Ligand code: IMP
């Protein structure tokens, strides 16, 4: 375990099993259709590439980068830093997120992508932290529901670090308090 962590919340093996089962559900639901996965950079990259490998129907990958966070606190203001490369009009679209926390980012994504007239628009998140929800968002696929803890690893960061950890863990308080 990384020295800055107090515990591992979801092991590498649990992540692999959870992602595989999400991939199987998505494959069954979208069988025979071409699915556009929209990843939210940078946090969803590890999850999205693993998930895509478990989807048996055709997929396209596209990305958006949004900004609303600085450190551990949401500013509540969402900005598009990088937009999709392709049009999604008439496409089956699945937004792939690392975590839905307050729900503000996802609410913005759903509103914004909804105006582009996709054939269908759904949400897949690796982690769901429902205790902190400020905006109700419909989550069709969720890997793991977690408590109100700030987690890192498997794409999730703290000030840009820890994304490459192969598991999801909770940071020690001293790290987040800067001691
Ligand atoms: P929301 O808008 O509050 O739902 O937050 C969504 C974004 O906040 C996620 O895509 C993450 O980048 C970030 N985030 C929320 N909770 C955590 C956490 O526990 N660890 C790392 N990033 C988080």
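State all residues of segment 19-39 that are buried (at least 19 other Cβ atoms within 10 Å of the Cβ) and in a helix (DSSP H, G or I); if no residue qualifies, say none. Show your work before the answer.
Kept after step one, since they are buried (at least 19 other Cβ atoms within 10 Å of the Cβ), are these residues of segment 19-39: 19, 22-23, 26, 30, 35-39.
19, 22, 23, 26, listed by residue number.
Are any residues in segment 94-119 closer than 13 Å to residue 37 by Cβ and in a strand (DSSP E or B), and if so, which ones?
Within segment 94-119, 94, 95, 96, 97 meet the criteria.
Just the residues that are in contact with a strand residue (DSSP E or B) (Cβ under 6 Å, 6 or more places away or on another chain), exposed (fewer than 15 other Cβ atoms within 10 Å of the Cβ) and closer than 16 Å to residue 6 by Cα, please, taken from segment 124-179.
149
If you scan segment 120-144, which residues turn out to be part of a helix (DSSP H, G or I) and more than 23 Å from residue 12 (Cα to Cα)?
131, 132
Hey, could you check segment 98-154 for residues that are on the phi > 0 side of the Ramachandran plot and modelled with pLDDT of 95 or more and say which is nearest to the chain's Cα centre (by Cα)? Break it down stepwise before answering.
Here is the first cut: in segment 98-154, the residues on the phi > 0 side of the Ramachandran plot are 103, 117, 153-154.
Now restrict to residues that are modelled with pLDDT of 95 or more: 117, 153-154.
Values: 117: 22, 153: 12, 154: 10 Å.
Out of the qualifying residues, it is 154.
Checking residue 65 against (1) under 30 Å from residue 173 (Cβ atoms); (2) exposed (fewer than 13 other Cβ atoms within 10 Å of the Cβ); (3) without any contact (Cβ under 8 Å) to a residue 40 or more places away in the chain, only one condition comes out false. Which one?
(2)
So the check is Cβ under 8 Å with 6+ separation or different chains; which pairs have a first residue in segment 99-115 that's closer than 15 Å to residue 89 by Cα and away from the ligand (no atom under 13 Å from the Cβ) and a second one that's at pLDDT below 95 and not in a helix (DSSP H, G or I)?
Listed pairs, sorted by first residue: 112/80.
The values are calculated or read from the model by the stated rules, or taken from the named source; none is laboratory data. Predicted, not measured: the structure shown is a model, and the values here were computed from it. So basically every Cβ, Gly included, is an ideal-geometry build from the backbone, and we count neighbours across all protein chains shown.
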